[in-house]
Amino acid sequence: MNNRLKKISTDRYTWINASRNVKVCPLRFFYPRNEEDIQLIVREAEEKDLRVRAVGSGHSYSEVAKGRDYLLSMKFISSVALTQKAGLKQAWQEAHLATVGAGTILKKLTRSLDRMNLALSNMGAVDFQTISGAMLTGTHGTGITRPAVQDMVRSLKMVATGGEILQIEPADGITDAANFSSSSAIRLIQDDDTFYSVILGFGAMGIIYELTLEVEPQFWMKEKRYLVSWAELRSDLLNGSFMTKVRNTDFVAFRVNPYEVKGEHRCAVVEQEVIPFADRPRGFGAFRRNIFSSILGNLEFLMENTIVKTNLKPDGVRKSINLALWATQDMRFSGKSHELLYQSGEAVIRYGISSEFAFPAKAEKIVEVMEAIFAQAELNAAEGGVYQSAHIPVRFVPPSKALLSSAYERETAYIDVPLLFGTRGDIDILERYQERLIGLGGIPHWGKHNSRLYQHHDFIRSQFSRTDDWIRVRKALDPKGTFLNDFVIQMGLAMPDNSTT
Ligand SMILES: Cc1cc2nc3c(=O)[nH]c(=O)nc-3n(C[C@H](O)[C@H](O)[C@H](O)COP(=O)(O)OP(=O)(O)OC[C@H]3O[C@@H](n4cnc5c(N)ncnc54)[C@H](O)[C@@H]3O)c2cc1C
């Protein structure tokens, strides 16, 4: 191994994901500073017949990032700049584009864009992830017309097998191929199947070091969060009025207590709308989210205390979830896009874990699934004395073009089952939900806890109609299997015939 590689790496390193349920001691852990470093790592690995994997900020609860041979932290490949327009097609000259280092954390990205008066069109509930990690597992927020992370990407650069650098775009990509320099060390690929496989490809085709995103001018939003009962929400879902609201409001989500208290399941609805800056609410409380949810959500001891209490007196969790939903009510919060799209407490990094499932965005299906969750929560409590320690969020996402997106070409409702990690029976509770909801056609999120999917290759193939195309692209880009890992193999995504070798 040459001196440069020694300098940017360490051995005897144990990598652990943020929720501490996935752990690995790779042969070597690298901190590349640029694409040349990544090229050296890939060539060195291929000479030794080893595999290469990158990690973002380790916020996947699944084993998607686990790499046993060479593992790379992307944290030093972090930058945000306006995209240079030279070399782009005429149609993209006026577009808002940002070119971002793959390891850029969303928090830095949204703040840097803000300084340029730009914004992401949407984001997930938190901003701890890297842009590449978020894209590669299909991270989404809510808003039936607002794209998931992978659908904001217009071009990417990746170190592939042999250390070759590829620039990958859809067939009608932003780069003017006719004027792309033939002397460039970068090979331009403009092909739909390749692009829509790589963007949601778990890093199993190469190491991505740069992304170009379509962004928009910074926008102001207002938010209201209010309580309703499940009976009311159920009726609004079934009579169509709630889905009309989902369609007519920029961002809508709801959260439900899986347990009944005094004969009803409490729900909190969140509605967020883009508003002109001049129309923003003013006065006390208008620029701060409800004090209970913003402060209490960040107190780690409160989370720890809740876990201890849930384990000692588990039945009390029914009321604690009601209280937590009550505390989120707010009718006049407004702010910049990233301030409102951020929907969670900081402490959730250390104490959250979840499984999340994609279903068609149809009211009847949502009602069926919610009621199955209520039944499973009661069954877990009655038979095993184990309890769900958080509410159930439901979010709405537009169709995605990524071949392995669980929202591929259909409007999708994502139903999350989060728990406080450390709650008694946490992983087993999630696995029971996985079995039940897979049975209802729910597609588990690639980045959330999803280990039951390892046993359901037929289900994966039935839900992802383009699986074989994704596998074909992966094999063409990575014929030696350099970028495979156990996750891809165990999901049955390594070989077209579903064999695991
Ligand atoms: C508290 C919390 C809240 C969350 N909220 C949401 C949410 O609201 N919506 C949602 O959809 N998901 C959510 N998630 C899931 C999370 O967004 C995804 O799992 C995301 O992939 C994590 O990003 P990361 O940077 O930590 O990537 P990692 O988990 O580190 O990696 C994800 C994948 O990307 C690969 N990878 C990363 N960077 C590169 C690269 N540069 N080149 C090649 N491969 C790479 C890794 O090998 C791995 O396969 C949440 C997770 C947590 C912990």
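Every read-out reported here was derived from the displayed coordinates using simple, explicitly stated rules and does not represent laboratory data. Values in this document were obtained by computation on a predicted structure and should not be read as measured data. Here the Cβ is made from the backbone with ideal geometry for all residues, glycine too, and neighbour counts use every protein chain on show.
Taking R0 as 35 Å, what's the FRET efficiency between GLU36 and ALA95 from their Cβ-Cβ distance, rounded to 0.05?
My answer for the efficiency is 0.75.
Take the Cα pairs of segment 370-501, get the Kirkwood Rh, then feed it into Stokes-Einstein at 25 °C and 0.890 mPa s and tell me D in µm²/s.
Using the Kirkwood radius from Cα pairs, D works out to 150 µm²/s.
Within 10 Å of each residue's Cβ, count the other Cβ atoms and sort VAL386, VAL55, VAL308 from fewest upward.
Ascending Cβ contact count within 10 Å gives the list VAL308, VAL386, VAL55.
Suppose we keep just the DSSP beta bridges with both residues in segment 80-217; what percent of those would be antiparallel, to 5?
Around 80 percent of the beta bridges assigned by DSSP in segment 80-217 are antiparallel ones.
For the residue pair ARG43 and ALA171, what label-to-label distance in nm results when each label sits 7 Å from Cα along the Cα-to-beta-carbon direction?
In this crude label model, ARG43 to ALA171 measures out at 3.6 nm.
So what is the relative contact order for segment 220-455, in percent, with contacts set as C-alpha pairs under 8 Å and at least six apart?
24 percent
Test of understanding: ordering CYS25, CYS267 by Cβ neighbours within 10 Å, fewest first, what list do you get?
Ordered by Cβ neighbours within 10 Å, fewest first: CYS25, CYS267.
At a Förster radius of 25 Å, what calculated FRET efficiency corresponds to the Cβ-Cβ distance of ARG282 and LYS362, to the nearest 0.05?
Efficiency computed from Cβ-Cβ geometry: 0.05.
If one computes the Cα centroid of segment 225-290 and of segment 166-215, what distance in Å separates the two points?
Each part's Cα centre sits 39 Å from the other's.
Between ARG187 and ASP458, what is the FRET efficiency for a Förster distance of 35 Å, r being their Cβ-Cβ separation, to the nearest 0.05?
0.45
Could you pull the Rg and Dmax for segment 220-455, using just the Cα atoms, both in Å?
17.6, 55
Take the chain, compute every pairwise Cα distance, and split them into 20 Å bins from 0; I just need the percent in each bin.
Whole-percent P(r) values from 0 Å outward: 23, 57, 20, 0.
Over the chain, calculate the relative contact order: mean separation of alpha carbon pairs under 8 Å at least 6 apart, over the residue count, as a percent.
It rounds to 17 percent for the chain.
Go through 227-237, 10-20 and give me the packing order, highest mean Cβ count within 10 Å leading.
Most protected by this proxy first, the peptides run 227-237, 10-20.
Please arrange MET495, MET221 by counting, for each residue, the other beta carbons lying within 10 Å of its beta carbon, fewest first.
By the 10 Å Cβ count, ascending: MET495, MET221.
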